[in-house]
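The values are calculated or read from the model by the stated rules, or taken from the named source; none is laboratory data. Bear in mind that the values here come from a model prediction, so they are computed numbers and not experimental data. Ideal geometry is used to build each Cβ from the backbone, glycine not excepted, and the neighbour counts take in all protein chains shown.
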Amino acid sequence: MMNSNGASSSASDGGGRDSNPPKRNSKKPKYSRFTQQELPACKPILTPGIVILTFAVIGVIFFIPIGLASLSASEHRYDLDCIPKELRNDKLGFIQSGQTNKTCTRSVVVPRYMKSPVFIYYELDNFYQNHRRYVKSRSDKQLRSKKYEQDTSTCAPESTSADGSPIVPCGLIAWSLFNDTYSFSLNNEPLVVNKKNIAWGSDKYRKFGSDVYPKNFQSGQLIGGAKLNASIPLSEQEDLIVWMRTAALSTFRKLYGRIEEDLQQNQRITVVIENNYNTYSFGGKKKLVLSTTSWIGGKNDFLGVAYLTVGGLCLFLALVFILLYLFKPRTLGDPSYLSWNRNAPGYSN
Amino acid sequence: MAHERPLLDPSPRPPATAEPAPPVASSFRFPSSRRSARSRASTDHISFAIDPASPKPSSAVRYGSRAESDRSGASQKEISDDDARLVFINDPEKTNERLDFAGNAIRTGKYSVLTFLPRNLFEQFHRVAYLYFLAIAILNQLPQLAVFGRGASILPLAFVLLVTAVKDAYEDFRRHRSDRIENSRLALALDNLSFVHKCWKDLRVGEVIKISANDTIPCDMVLLSTSDPTGVAYLQTINLDGESNLKTRYAKQETLSKTPDNGIPSISGVIRCEKPNRNIYGFQANMEIDGKRISLGPSNIILRGCELKNTSWAIGVVVYAGRETKVMLNSSGAPSKRSRLESHMNRETILLSFLLIILCSIVTFLAGFWLGHHKKELNSSPYFRKSNFGRDGDNYNYYGIGMEIFLTFLKSVIVFQIMIPISLYISMELVRLGQAYFMIRDSNLYDEASNSRFQCRALNINEDLGQIKYVFSDKTGTLTENKMEFQCASIRGVDYSGEKVTVGEYSIKVGDQVWRPKMNIKTDPELLGLLRGGRESERRKYACDFLLALAACNTIVPLVVDTTDPKLKLVDYQGESPDEQALVYAAASYGFVLVERTSGHIVIDVLGDRQRFDVLGLHEFDSDRKRMSVIIGCPDKTVKLFVKGADSSMFGVIDKSRNMDVVRATESHLHSYSSIGLRTLVVGMRELNSSEFEEWQSAYEKASTALFGRASLLRTVAANIETNLQLLGASGIEDKLQDGVPEAIESLRQANIKVWVLTGDKQETAISIGYSCKLLTNEMTQIIINSHSKESCRKSLLDAFTMSTKISAMASNAQNSVGDAGSNKVPLALIIDGTSLVYILETELEEELFKVATICDVVLCCRVAPLQKAGIVALIKNRTDDMTLAIGDGANDVSMIQMADVGIGISGQEGRQAVMASDFAMGQFRFLVPLLLVHGHWNYQRMAYMILYNFYRNAVFVFTLFWYVLYTAFSLTTAVTEWSSVLYSVIYTALPTIIIGILDKDLSRKTLMKYPQLYGAGQREERYNLWMFIFTMLDTIWQSAAIFFIPLLAYRHSTVDISGIGDLWTLAVVILVNLHLGMDVFRWNWLTHVSIWGCIVATAICVIIIDCIPILPGYWAIFEMMKQGLFWFCLLGIIIAALIPRFVVKAFMEYFKPSDIQVAREMEKYGSLNEVAANTVREIPMTSFANANQRIP
């Protein structure tokens, strides 16, 4: 194991040799453990014991998360189903048209008991919210304070309206705000969806200004997504705040709201979807997700599997090393293993 | 130049070259060309008078001797007016009116406040890597490419430039400060009849300056007069060439009486001298005064930086000032060298650039593919929005696929730029600085005798010390102390080298004072008895003549030094040759005390009787004649010629017709002296009759006043008179071995470092020193090559080669049959002399020599010239990749020191020239062992690891960025904030690698000293090679994949935002690379702990601070991430998964394939070392080492 070694022996030969300072202006370096590079230090060496112990400990630790995979979730893809069969050849036409009825009713069966709160997410696929052009197209200053309303320089191509006045909130991200809506009912009883506090408190209170109101938003030729109520300050527009947290990957979920009621297994929930958002132009899927969460985060299978794999591997390695050490032992610190001793007579290896 | 051992050189060392000139082809081939290398500066004055008792100044002839002939003949020419500078004495206005000569203000500072920025930047950008980063930063300023914020992209480069600039500025500030101090020193300048104080910087060419005793001379001046009536001034030139002995300079007789102190108000005249040059041993001028034209030589000029000693005042006229002085012209640093590791590193840097280009190409290709595939959707995807609909369908920031691809490439270069680690350069400089600090502070490298610490003069080759395979060592002053001690005398065929005893201290009485030579040597009782006995006999007469020759035939200046006892004075002999000093001290111990030397006479206390001898003429030592002579007018009115010189030259001029047996006996004594390692010298004399004397006198006078070819004329005069000598005897001087040299050589040999000794000494002396320092052993087979033609050289080399291969074949046969390895090999030693080397170096025979020499274990080159030393170093350096180290102390080693990969100067007896040219300087040869085996090993190990680690560290980060780019439609978004990207190599990970690079030790000093073989790790390049680089890079790819993909898979289908996952990646990378470093640390001391854990904490703090800025998109992301357990599980998972392969390989290798270092580490830790150590010598003892006598049978 790690021994602390004070390097005491060299301390004595540094000081001992000339304890009497000969001349006053002697340039002899003053002895100190630091300057003589003799600081006390611990010198770890990977002994068989340490190696095996390390692997064993890791192996055991990595089996712990096994019990964590008790979360449940239900996913429901609706982007195709919510287009009437006859219009499926022209999905883009359907979604872009102002005339079509985009309401669609679907039903979801609860796979397992879900304890409240049940989080409602929408999941988009193939939507590169992390695309460089997209990520950069926002103005955080403008979002934060009325003072910087004019600060739209980074927002192209959605920076100003046709007459040159600034768009608030500007930029492609805000412009493409998701605008499908869901309403839930259970046994014809509407389920209340709580859309309060779906955004991070930090964003609401310090990042999005309470004095910043939407202006000129979605007033151009091309409508990217949801419109905003110009009388509500940005700090209250939680859907926008959630949306503005650009996702890390092209498949992402965003919190839509919470159902603050426990859901029982096999309950059939009816969802009325306003299928407004155009993902058809880039071939993205849309999903509605109901999920519970815990301290660890949302439901996630990968981590459990990964931990088990690593843990198993470590236990295996521990075993391998035990066997190796048993079959090919070596005395630590035996000088006969030094290369110039190895060739000497008497040591065949 | 450090070393002119003037008149005698028992076994003449090769002439010292005046400047570290590059090897000139011809100088190897023609021995005769060597003579031009020798230059002599001092003690060349002779006052010559018919009537010795009262020398009339008018008849005195002074000459500035040989030196001018030596500067490659340039001095032979009369100075033409075009080439000359005219100095009007005491008329600075007129002097300076036509041409503006430099003032005396000096400026060693490189920059002024105004020029600092441009000049410093210009110099810094000589580093190609910096240009690369500048180009990237400029690219990033283009709006289409702005990947990072503009400030952020400039920051790393600015930081590196700033650190270097601050360092340079500080150094320059110190130079300016010392300049200011220097410039404002005061000197006495003649101003209207009286001397007034003036600042040094205000002195001008043409001014007359007065210097008092112990003052430093402010500029180069021609002496006009001194306090000595004969115009002698003594100078200490320690600042110029490091020699602490006194040099003599002379004022011209014509000017002596014309200075204000003599009541004459002013002096006027014109000096016509050569243009400023850097030759400190040459000066060529003439002076017109009172219508007479007098020639001036190097003995008439006193140079800036010297100190006036033993002369109460001196007056001179300024001829060169300020930056035109010789000392300033000479103050250029050593040529910069580049370390082996760094050049390897450049190879890997190029590989990394290729890797960078590959990554960028992949991204570009995929981006192009993606754009092509999604061409139709580009306009309608909300995340791309090609068109700017508000503006009539203009494209927004889109220039067509081709251009997009091109821009993607440039952008990816910008994003991945830190693949080439910019911080590595600055880290390396800092690490070297730290390593140098510890080398300088190492008390094991401190030399008590000379009170000198180790010096690091070059800061960029520390790590080369760990890879040395060849050590080329000078002998005198390096292996030996260069403290000569008189040991043996052979007088008229009688050997006086029996048991030596100390018979009190010989002293003489002067008035009521007692004068005593500063050093007493042990004397031979027989000789002492003979001298003191007082009975007149032939033997006694010869002995007296012999000792008189020793006391008189030299250029030693006796100085009488006060002691605490007012009655006791010590006689200190100052001279340029330690051999001469030894001889004069020896003569003094036998009762021939030299007590006074002036320009015209010497006073010797001969066995209590003070006698005055007139020095009528002196022929200096030159490397052609290899002897010197002096003509003495004795009190009994006889005129005697004393000659001393090397045996080879002396036996040629000795009259062998008489006393053949004496000659033979002396020859055999000489042989036995040199076989025990003594430096030998033969002394002869002749009494001159009046006709001979007069003939010589007229020739001598003519020669010494000649304007052209004075040196060769004088040489002819000397050769004519130095004939038919009567052999007086021979002396043997011991050159003492330095402390610990044999042990040091043994350690180096064990460390598989070949030690070659290159010496100017005779073959016999060299071989005997070789034995005494254990370089040669009795088991060795010696191959000796002494040839006098190219053909015989070729033949002996071929013979040597066949012999050596035969011997090694025999050895291997023996080995096979006995089954016993290695130790059975017959060691070979090659001994070759300078004459043979003349025919070998720079011809096709070099190859043959190389073959033979590399087979041999030891190579000893005797009688080699300085340039040949460099040639031998080049022989190895040009033909192998092996690192060479040259160590020497004298000016004759300068060329070798500069030629070798690592040059080490011994700051000892000889001048500072070697130290000035060296990369490292230290006090003793034996320090080479701790320097190479301990510091060299550590430095190499640390630097090698640091370079590798820096490559790894940046590559992991770049790969992590790269993986993410693959998930962003190849649009080069970075999840890691730009500030983290910038701070990554500056704050997050920089400190630990520097601390480890300075402090980590794989093995303790004790172990490294005990097992010199461990040095092999550096020689075999075990710590840094292409394979290690490749494996590290593979590990890098695995680790970056672990960092990237674990969070990716864990957070897919989640609400995670870019900043949040970016923060996770940032923390994961930083923790991982720091733990990776921690895993490789050999010794965890508190600094290591602080730096590694501190950096991780600092990173977390930085990430948190960045996420606390509300106007950044990632506001508060880290806190939201940390709320979830997933974050922590990812972090732990990443670290474990990433480190497993490395840990497995490390554990496996360390246990099953342990390197020597690993085994030694275990021995250190598990105590077996101590058991073994008990019965072996741990460190080189400080005992004085045996003199050669003891080991000769």
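For the condition part of a strand (DSSP E or B), within 14 Å of chain B (Cβ to nearest Cβ) and either farther than 25 Å from residue A:90 by Cβ or over 21 Å from the mean Cα position of the chain (by Cα) (or both), what is the one hit in A:271, A:242, A:289?
After ruling out the rest, the residue left standing is A:289.
When the stretch A:95-107 is examined, which residues are found to be under 25 Å from residue B:381 (Cβ atoms) and without any contact (Cβ under 8 Å) to a residue 12 or more places away in the chain?
Within the stretch A:95-107, A:97, A:98, A:99 meet the criteria.
Being under 30 Å from residue B:1031 (Cα atoms), more than 7 Å from chain A (Cβ to nearest Cβ) and without any contact (Cβ under 8 Å) to a residue 40 or more places away in the chain is the requirement here; does residue B:1153 meet it?
When the stated conditions are applied, residue B:1153 passes them.
Under 7 Å by Cβ, and 6 or more places apart or on different chains, what pairs join a residue from the stretch B:263-292 that is among the basic types (Lys, Arg) with one that is assigned to a loop (DSSP other than H, G, I, E, B) and at pLDDT below 80?
Pairs found: B:272/B:79; B:275/B:83; B:278/B:330.
Checking the structure you have, find out if any residue of the stretch B:382-399 is away from chain A (no Cβ under 14 Å) and out of contact with any Gly (no Cβ under 6 Å at 6 or more places or on another chain).
The answer is no, given that none of the residues of the stretch B:382-399 is away from chain A (no Cβ under 14 Å) and out of contact with any Gly (no Cβ under 6 Å at 6 or more places or on another chain).
Take the residues of the stretch A:290-349 that are more than 28 Å from residue B:1160 (Cα to Cα) and among the charged types (D, E, K, R): which is modelled with the highest pLDDT?
A:301
Residue A:188: among the polar types (S, T, N, Q), modelled with pLDDT under 90 and closer than 27 Å to residue A:262 by Cβ, yes or no?
Answer is yes for this residue.
Please count how many residues of the stretch B:949-973 are modelled with pLDDT of 95 or more and touching a Lys or Arg at 6+ places or on another chain (Cβ under 8 Å).
Going through the stretch B:949-973 one residue at a time, the tally reaches 0.
Pick out the one residue from B:223, B:186 that is modelled with pLDDT of 85 or more, buried (at least 19 other Cβ atoms within 10 Å of the Cβ) and under 37 Å from the mean Cα position of the chain (by Cα).
Of B:223, B:186, the one residue that is modelled with pLDDT of 85 or more, buried (at least 19 other Cβ atoms within 10 Å of the Cβ) and under 37 Å from the mean Cα position of the chain (by Cα) is B:223.
Test of understanding: among A:128, A:134, A:121, which residue is facing chain B (nearest Cβ under 9 Å) and part of a helix (DSSP H, G or I)?
Of the residues listed, the single one that is facing chain B (nearest Cβ under 9 Å) and part of a helix (DSSP H, G or I) is A:134.
Would you be able to tell me the number of residues in the stretch A:191-208 that are of a type in the set (S, T, N, Q) and facing chain B (nearest Cβ under 10 Å)?
So the answer is 1.
For residue A:196, are the conditions met, namely being surrounded by fewer than 19 Cβ atoms within 10 Å (Cβ to Cβ), in contact with a Phe, Trp or Tyr (Cβ under 7 Å, 6 or more places away or on another chain) and assigned to a loop (DSSP other than H, G, I, E, B)?
no
For the stretch B:1032-1054, indicate whether the set of residues that are surrounded by fewer than 24 Cβ atoms within 10 Å (Cβ to Cβ), over 30 Å from residue A:74 (Cα atoms) and touching a Lys or Arg at 6+ places or on another chain (Cβ under 8 Å) is non-empty.
Checking the stretch B:1032-1054: at least one residue is surrounded by fewer than 24 Cβ atoms within 10 Å (Cβ to Cβ), over 30 Å from residue A:74 (Cα atoms) and touching a Lys or Arg at 6+ places or on another chain (Cβ under 8 Å).
Just to verify a result, which residue in the stretch B:659-697, among those that are in contact (Cβ under 8 Å) with a residue 60 or more places away in the chain and of a type in the set (Val, Ile, Thr), is farthest from residue B:639 (Cα to Cα)?
B:676
For the stretch B:184-192, state whether one or more residues are of a type outside the set (Ser, Thr, Tyr) and assigned to a helix (DSSP H, G or I).
No - not one qualifying residue is present in the stretch B:184-192.
From B:484, B:403, B:419, B:428, which residue is more than 10 Å from chain A (Cβ to nearest Cβ), farther than 30 Å from residue B:855 by Cβ and in contact with a Leu (Cβ under 8 Å, 6 or more places away or on another chain)?
Residue meeting the stated conditions: B:419.
Evaluate the stretch A:76-84: report whether one residue or more is more than 10 Å from chain B (Cβ to nearest Cβ) and under 21 Å from residue B:1135 (Cβ atoms).
No, there is no match, as no residue in the stretch A:76-84 is more than 10 Å from chain B (Cβ to nearest Cβ) and under 21 Å from residue B:1135 (Cβ atoms).
Answer yes or no: is there a residue in the stretch B:255-268 that is assigned to a loop (DSSP other than H, G, I, E, B), small (Gly, Ala, Ser), modelled with pLDDT of 80 or more and touching a helix residue (DSSP H, G or I) at 6+ places or on another chain (Cβ under 8 Å).
no
Which of the residues that make up the stretch B:1110-1146 are touching a residue at least 60 places away in the same chain (Cβ under 8 Å), more than 7 Å from chain A (Cβ to nearest Cβ), within 19 Å of residue A:202 (Cβ to Cβ) and in a helix (DSSP H, G or I)?
Across the stretch B:1110-1146, the qualifying residues are B:1117, B:1121, B:1127.
Only one of these is modelled with pLDDT of 95 or more, in a helix (DSSP H, G or I) and closer than 27 Å to residue A:53 by Cβ: B:1075, B:1064. Name it.
Just a single option satisfies the conditions, and that option is B:1075.
Might you check whether a residue that is part of a strand (DSSP E or B), closer than 20 Å to residue B:230 by Cα and of a type outside the set (Ser, Thr, Tyr) occurs anywhere in the stretch B:316-324?
yes
Regarding the stretch B:540-547, can at least one residue be identified that is within 17 Å of residue B:497 (Cα to Cα), among the hydroxyl-bearing types (Ser, Thr, Tyr) and modelled with pLDDT of 80 or more?
yes
Out of A:208, A:184, A:178, A:217, which single residue is in contact (Cβ under 8 Å) with a residue 60 or more places away in the chain and more than 22 Å from residue A:271 (Cβ to Cβ)?
Answer to the check: A:208.
List the residue pairs whose Cβ atoms are under 8 Å apart, where the first residue sits in the stretch B:433-458 and is over 11 Å from residue A:37 (Cα atoms), the second is assigned to a loop (DSSP other than H, G, I, E, B) and of a type in the set (A, V, I, L, M), and the two are 6 or more positions apart or on different chains.
Every condition considered, the pairs that remain are B:433/B:459; B:436/B:459; B:457/B:334; B:458/B:334.
If you scan the stretch B:980-1021, which residues turn out to be part of a loop (DSSP other than H, G, I, E, B) and touching an Asp or Glu at 6+ places or on another chain (Cβ under 9 Å)?
Selection gives B:1000, B:1003, B:1004, B:1011.
Could you check the stretch B:529-548 and list, in sequence order, the residues that are assigned to a helix (DSSP H, G or I) and among the acidic types (Asp, Glu)?
Within the stretch B:529-548, B:538, B:545 meet the criteria.
For the stretch B:433-470, enumerate the residues that are more than 17 Å from the chain's Cα centre (by Cα), outside any loop (DSSP other than H, G, I, E, B), more than 14 Å from every other protein chain (Cβ to nearest Cβ) and surrounded by 23 or more Cβ atoms within 10 Å (Cβ to Cβ).
Matches in the stretch B:433-470: B:466 only.
Can you name the residue in the stretch A:295-332 that is outside any helix (DSSP H, G or I) and facing another protein chain (nearest Cβ under 7 Å) and is also nearest to residue A:64 (Cα to Cα) among such residues?
A:296
So residue B:1023 ticks every box in (1) within 30 Å of the chain's Cα centre (by Cα); (2) surrounded by fewer than 24 Cβ atoms within 10 Å (Cβ to Cβ); (3) more than 14 Å from every other protein chain (Cβ to nearest Cβ); (4) of a type outside the set (S, T, N, Q) but one. Which box is left unticked?
Among (1) within 30 Å of the chain's Cα centre (by Cα); (2) surrounded by fewer than 24 Cβ atoms within 10 Å (Cβ to Cβ); (3) more than 14 Å from every other protein chain (Cβ to nearest Cβ); (4) of a type outside the set (S, T, N, Q), the lone unmet condition for residue B:1023 is (2).
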